[in-house]
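FYI, it's all coordinate maths here, none of it is from the lab. Because the structure is a prediction, the values reported are computed rather than measured. Backbone-built Cβ (ideal geometry, glycine too); neighbour counts: all protein chains shown.
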Amino acid sequence: MTRDIIHINDFIILVEAASSEKVTVDACGFEEPLIAVAFYGSGNVDLAVNYGDKKKAFQHTQGLALSFYADAEVEFVHTVSAGKPLECIVIATALKHLDNLPNAEGEIFANLLHELVHPSDHYVEGPSFFMTPEMQDIVDSVFHIQYHGKTRMMFFRSQMTALLSHFFGQLASMTTETIRDPEREKLYQAKEILSGNLDNPPSLTELSRQIGLNSYALKKNFKELFGVPVFKYLQNERLTTAHQLIRSREATVQEAAWQVGYDSLSSFSNAFAKKFGYRPSQIK
C-alpha cells in the first residue's frame, strides 16, 4: 500500500495504490468534514463506507467518479485482492475553505454539489458516474507518471485541475434520464463480460443476447452509464491492460498485444500511442 497526501492551495489530494495476491483490508478516514471526489483507476477494488450503524457498499469501482461529504465519523474500507488492485485519487476540500477557493470554484461546488455543501448526515453521497476516456487517461497518467522532482509536482498539479474540471463539466452536461436498476445490472454484466474476454470479445449482437438486452438499449444506455460507447470501452480496457503487462514485465510488447486481442503489432502500437502519447516500446 502506498498513500500520498498532497496539499495544493485549499485542496487535499490523496493518492492511494495497492495490490495483493491475498485479501487485504485497508481502512481510512478524514479528520475534519470534507467535500470530496474520488476517482478509481484500474482494478475493481471493493469499497465499503461505514458511518454509525449504516453501511454503503460498492462492488463496481473501476472507472468510477464518486462525490461525497464525509466527517470524522466515516470510515472508508477498501478490500484489495488478486485481480482487484486499488488505484484511487481523492480530491477534497474542507467546508470552511469553499469561499476561499480560487477562480470561483467554491461557487461551482455550491451549485453542482448542493447536497454536499449542506450535508444532512455524517456521510452524504453526491452524483457519481463512470469516467469519460479523457478522465481515465488523466488517472492512468498519475499512476504511471515518469517525471521527477519539481517537474513531477508541476505535472501533478495540472492533472488534478484538469481532472476536477472534467468532473464538473461532465456533471453539468448529464441528462436527468435515469436507468432502471434491473437494466443497470445488465449493463454492469456487459462491462464484466468485455473485461473478461479482451482477447476474444463477443459481437454486439452476442453481447446483447448474453445479457438479455436489445442492441439499441445496450448501445444507448452503456454510453450513458459508463460515458463511452461499448467498443471504445473495450479498446480502453485492452490498452490499459497491455500497459500494465508491459510495465510489470509480465509480457513483451508482442505478447501483450496478443493477450489483449490485437493480431497486428502496428495497429496495437498506433492505438497505444494515440491513447498514452508514447509507444509501448518506450515504457520503462
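Before moving on, here are some points about what is shown:
- For the stretch 212-275, GluC sites (Glu not before Pro) meeting the loop criterion (DSSP other than H, G, I, E, B) and having at most 11 other Cβ atoms within 10 Å: GLU250.
- A protection proxy built from the mean count of other Cβ atoms within 10 Å ranks the segments 192-202, 37-47, most packed first, as 37-47, 192-202.
- Nearest-0.05 FRET efficiency for LYS55 and SER267, computed from C-beta distance (R0 41 Å): 0.35
- Of the trypsin sites (Lys or Arg not before Pro) found in the stretch 131-186, those that fall in a DSSP loop while having at most 10 other beta-carbon atoms within 10 Å are ARG180.
- Only one residue of ALA256, ASN44, GLY169 has its Cα farthest out toward the positive end of the dipole of the chain, where Lys and Arg carry +1 and Asp and Glu -1 on Cβ, and that residue is ALA256.
- Burial ordering of TYR147, TYR188, fewest other beta-carbon atoms within 10 Å first: TYR147, TYR188
- Cross-link table LYS56/LYS232; LYS232/LYS275; LYS55/LYS223, entries beyond 22 Å C-alpha to C-alpha: LYS56/LYS232; LYS55/LYS223
- As a ratio to 2.2 N^0.38 Å, the alpha-carbon radius of gyration computed for the chain takes the value 1.02.
- Rounded FRET efficiency, nearest 0.05, which uses the C-beta distance separating ASN214 from SER165 and R0 of 25 Å: 0.10
- Sites ARG279 and MET154, calculated FRET efficiency, Cβ-Cβ separation with R0 30 Å, nearest 0.05: 0.80
- Against the chain, whose longest principal axis is taken from its Cα atoms, helix 230-247 shows a tilt of about 90°.
- Packing-based ranking, highest mean first, of 16-23, 89-96 given that Cβ atoms within 10 Å are counted: 89-96, 16-23
- Chymotrypsin sites (Phe, Trp or Tyr not before Pro) within the stretch 213-284: DSSP coil, no more than 16 neighbouring Cβ in 10 Å: TYR278
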